[in-house]
Structure formats: C-alpha cells, structure tokens
Number of protein chains: 2
Amino acid sequence: MEPIADKKKAIFESTLELVKEKGFHGTPMSLVAKRAGVAAGTIYHYFESKEELIQELYQYIKRQVIEVVQREDATDKPYRQCFFNLWYGLYHYYRHNANVLMFFEQFVTSPYNIYKDELGKDEFFRLLFGFFERGIAEGHLKQVSPKIMGTLAHSNVIATVKIQASGRLDLQEGDLEEIPRILWDGMRKQ
Amino acid sequence: MEPIADKKKAIFESTLELVKEKGFHGTPMSLVAKRAGVAAGTIYHYFESKEELIQELYQYIKRQVIEVVQREDATDKPYRQCFFNLWYGLYHYYRHNANVLMFFEQFVTSPYNIYKDELGKDEFFRLLFGFFERGIAEGHLKQVSPKIMGTLAHSNVIATVKIQASGRLDLQEGDLEEIPRILWDGMRKQ
DNA sequence: TGCAGCCGAATGAACATTCAATAGACAGAA
DNA sequence: TTCTGTCTATTGAATGTTCATTCGGCTGCA
C-alpha cells in the first residue's frame, strides 16, 4: 500500500466532506479544489475525471472498512464475542467517520456504483459473509443464508450510526448494548 | 386528497424512474419532460422549480407508505400477527415500487432532505414508533426505545428489499419467513 | 373573445475539463 | 560551485457543454 501523495489525500478528504454535506450533485470540482487548498487543475493531475475521483475514493475508503472486519474476525475469542466485537468495530469506525458512511450510502444507491451485481466478489462482503458462514457451521447461528445475515447485520450497524449521527435521537448507554443484542438474539440458534 | 392531474402524475413517475436509474444528478429536467411525454415548460406549469418537484414528489410518495402502516396497525389481530403483517406490508409495497424505495433512500441522505432533524414529527415515523410503543406497553417486546426498534425494523425491511431488488442474491421462499422472524426473535420479550 | 394548458426554442448560469504558463526539483556538465 | 536543461507539480483563466428556467406563442374550450 503506497503512501498517498499529500494533495491527493487532501482532495479525498475534501470530496468526502462535500459529498456528505451536499451530495454528489452540489459538489462541483471547483469547490473540491478550494476546500482541499489546491487549484482546479491540480485535481486533474491526479485524476482523469470526476468519475474517476469518486471511484478511487470509494476504493480508498473500502480498504479501511475491510481492515476493521479482518481485525475482529481473525481472533480466537469465542464466536459470540467476535460477533459483538465486529458489531462494535464497525459501529465505531462509522461513528468516527460519519462522512465515510454518508459517502458509502450515497455511492451505493447511485449510478456511480458500477459493482451493483457483483456483491459476492466485493472483498468486504466476502469477509463479512465468511464470518456468518463460520457461525452457522459452528452451530452458533440459525440456518439462514449467511449472505442474508451479513447484509442484515451490516444494515443494522448503519441504521444505528445514522440514528446517532443525525442527532434526532440520543442513544443511551444501555441502548448501545441492546441493539447488537437484538441482532444476536434474532440470529442465534434458539 | 384531490386527484392529481394526469400530466402531473406522469411527471412524478418519470422523475421516480430517472432518479432510480441515474440519481438526482444525472436527472435533468429535459429528460424528465421527455419521458413524461410533456414539454420542458409544462413541468414549470405545475412546479416552481426542480427543488419543489422533488419535495412534492417526496410528500406524494410518503402518503402511500403511511397508508400501508395504517392498514396493518389498526386491526384487532394479536400483536405478533400485526408485527408480521406490518413487515410484509412494507416489504411488498417497497418490493412492487422499487423506484419509490430508491428515491426514498437517495432523498433521505441528500441535501434535498430538509426534515433531517424532525424525525419525531414525520407522520410515517410517528405511526411506526407508536406501533412499537404499543408492543412494549402490552408486554410483547423488550424494554428498548420504540424509536430504536422502529428504525431498526424499517431498515431491516429496506435491506431485504434491496437484496432482492439488486438481484445479487435470490431469496428463497423460506428466507422471506426467516427474515422477519430474526427481527421478531430479537425484539420480543424473552 | 378570453383563458388555461401546453409547447419548445432561447437564455444565462454553473460546471467539468483543458491548457499555456510558471515554479520548483534534480541531474549532469563546466 | 554554478549553470543548463529536463522533468514534474501546480496554477487559474478560458472553453465548451449541460442544464434549469423563461417566455412568446399556439391550441382548443367556454
């Protein structure tokens, strides 16, 4: 993983913030440039087009999320423990990187997302699904498609962060334990 | 509820399709007009601006979803039954109106959404939360904030439809029973 | 005759992208 | 050390395109 040139990173961060604030539309290259502290032309030194900037940014971000999953999956703790750690791992990552989350969400439901039909090939989801597959194989979870459980679990984390981030509703200490608990109780073998 | 002029409806439908296909950006008024079979100017006979078109469309759609909740909530069936009916009601509505779902999702995480901080005042969510409040009061559900459970339940339905709609993964007969089951098992009083 | 509904070419603004010009970094030659 | 040439990185004004919105005029109905 080569280190990313300073300006390139600044452009990424600027894009991330702006997309969160204003969406893909409403994020002109001129503003991206200004907020990154570079000239408009500089962006085109690093990226061929807006399209490519967005695509590369998506890959850049995804690598970070993948690391979270890998960190929590590959331990020898009891499965149940891993389950909660994974949930909290993703939760905290998204919580502290709210603009990543928003970018992700907007990206996935946008025409920029050209991977729509290759869910199985996406490394993030491969890892995630693998984790649930293991849970079923080891007899901890219900006999439900791991792809389904993985997707539901992920959407559960995201919904939680969104509740939190929007500030529409403040989660109490206890709630943060109850939510993954609900998920676990629903998915575990009864 | 006054009947909506034919052309107005055509404009709504056209916008819905295009936003699903191309996102808010990538949906120029000229295309909206063409697909609706009207002239560009006609849109401005009905709506003051693109902004207002999107906002009105959001309201128009929301009323339909609200009806689904009302239909399933206000029966005298046992609570557990209502729970599943509500899940399936929303599921089927979104399933048969995939472009509504995509529009919703994009709208919510976009700058068009000016209601971000008034979740409690949104009628759809008021109804939804009310349903879970009842479940707790009647002793069917865990003692967790109804707002949280409502939000999680809704995101669960949406995740399911998105799995289905994307065609990335085909849900079996049985899966469609397992998914709300997971939710119920997680939220019900143990 | 008047009017609402509708049309689509014309307008101007916003935007992505280009490019000619400048600055700096570095290597080799004198 | 200094000079020279050749890179790459950077700039921001200029360009051409796309788009939201406007408006003068047409149509058919009362």
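The values are calculated or read from the model by the stated rules, or taken from the named source; none is laboratory data. On a predicted model such as this, the values are computed, not experimentally measured, just so you know. Neighbour counts run over all protein chains shown; Cβ positions are idealised from the backbone, glycine included. Keep in mind that these areas ignore ligands, DNA and RNA; they rest on the heavy atoms of the full protein, side chains included. Shrake-Rupley method; radii C 1.70, N 1.55, O 1.52, S 1.80 Å.
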Problem set entry | Pairs, first more than 7 Å from chain A (Cβ to nearest Cβ) and modelled with pLDDT under 80 in region B:109-127, second open to solvent by less than 40 Å² (accessible area, probe 1.4 Å) and not in a loop (DSSP other than H, G, I, E, B), C-beta under 6 Å, six or more apart | B:112/B:54; B:113/B:107
Exercise. Which one of B:72, B:13, B:17 is away from DNA strand D (no atom under 13 Å from the Cβ), out of contact with any Asp or Glu (no Cβ under 7 Å at 6 or more places or on another chain) and in the same structural domain as residue B:150 (by TED's automatic domain parsing)?
Worked result: B:72
Problem set entry | Residues of region A:160-183 classified as modelled with pLDDT of 85 or more and part of a helix (DSSP H, G or I), total | 14
Exercise. Quick check, is residue B:43 more than 16 Å from DNA strand D (Cβ to nearest atom), away from chain A (no Cβ under 14 Å) and open to solvent by less than 50 Å² (accessible area, probe 1.4 Å)?
Worked result: no
Problem set entry | Residue list for region B:162-171, filter: open to solvent by 30 Å² or more (accessible area, probe 1.4 Å) and at the interface with chain A (Cβ under 7 Å from one of its Cβ atoms) | B:166, B:167, B:168
Exercise. Out of all the residues in region B:60-78, which are in a helix (DSSP H, G or I), open to solvent by 10 Å² or more (accessible area, probe 1.4 Å) and over 18 Å from residue B:151 (Cβ atoms)?
Worked result: B:60, B:63, B:64, B:67, B:70, B:71
For this session: Looking for whichever is in a loop (DSSP other than H, G, I, E, B) and either open to solvent by 60 Å² or more (accessible area, probe 1.4 Å) or more than 8 Å from DNA strand C (Cβ to nearest atom) (or both) here; the options are A:21, A:48, A:13. Which one fits?
Result: A:48
Exercise. Take the residues of region A:136-151 that are at the interface with chain B (Cβ under 8 Å from one of its Cβ atoms), part of a helix (DSSP H, G or I) and over 14 Å from the mean Cα position of the chain (by Cα): which is surrounded by the most Cβ atoms within 10 Å (Cβ to Cβ)?
Worked result: A:149
Seminar exercise, completed: Matching residues in region B:1-10 (modelled with pLDDT under 90 and open to solvent by 70 Å² or more (accessible area, probe 1.4 Å)) number 4
Exercise. Is there a residue in region B:49-59 that is more than 11 Å from DNA strand D (Cβ to nearest atom) and over 26 Å from residue B:110 (Cβ atoms)?
Worked result: no
Problem set entry | Flag for residue B:133 being without any contact (Cβ under 8 Å) to a residue 40 or more places away in the chain, away from chain A (no Cβ under 13 Å) and either among the small types (Gly, Ala, Ser) or more than 27 Å from residue B:27 (Cα to Cα) (or both) | yes
For this session: Look through region B:152-161, keep the residues that are within 7 Å of chain A (Cβ to nearest Cβ) and in contact (Cβ under 8 Å) with a residue 12 or more places away in the chain, and return whichever of them is nearest to residue A:108 (Cα to Cα).
Result: B:156
Exercise. If you take the residues in region B:34-45 that are without any contact (Cβ under 8 Å) to a residue 24 or more places away in the chain and closer than 21 Å to residue B:102 by Cβ, which one is nearest to DNA strand C (Cβ to nearest atom)?
Worked result: B:34
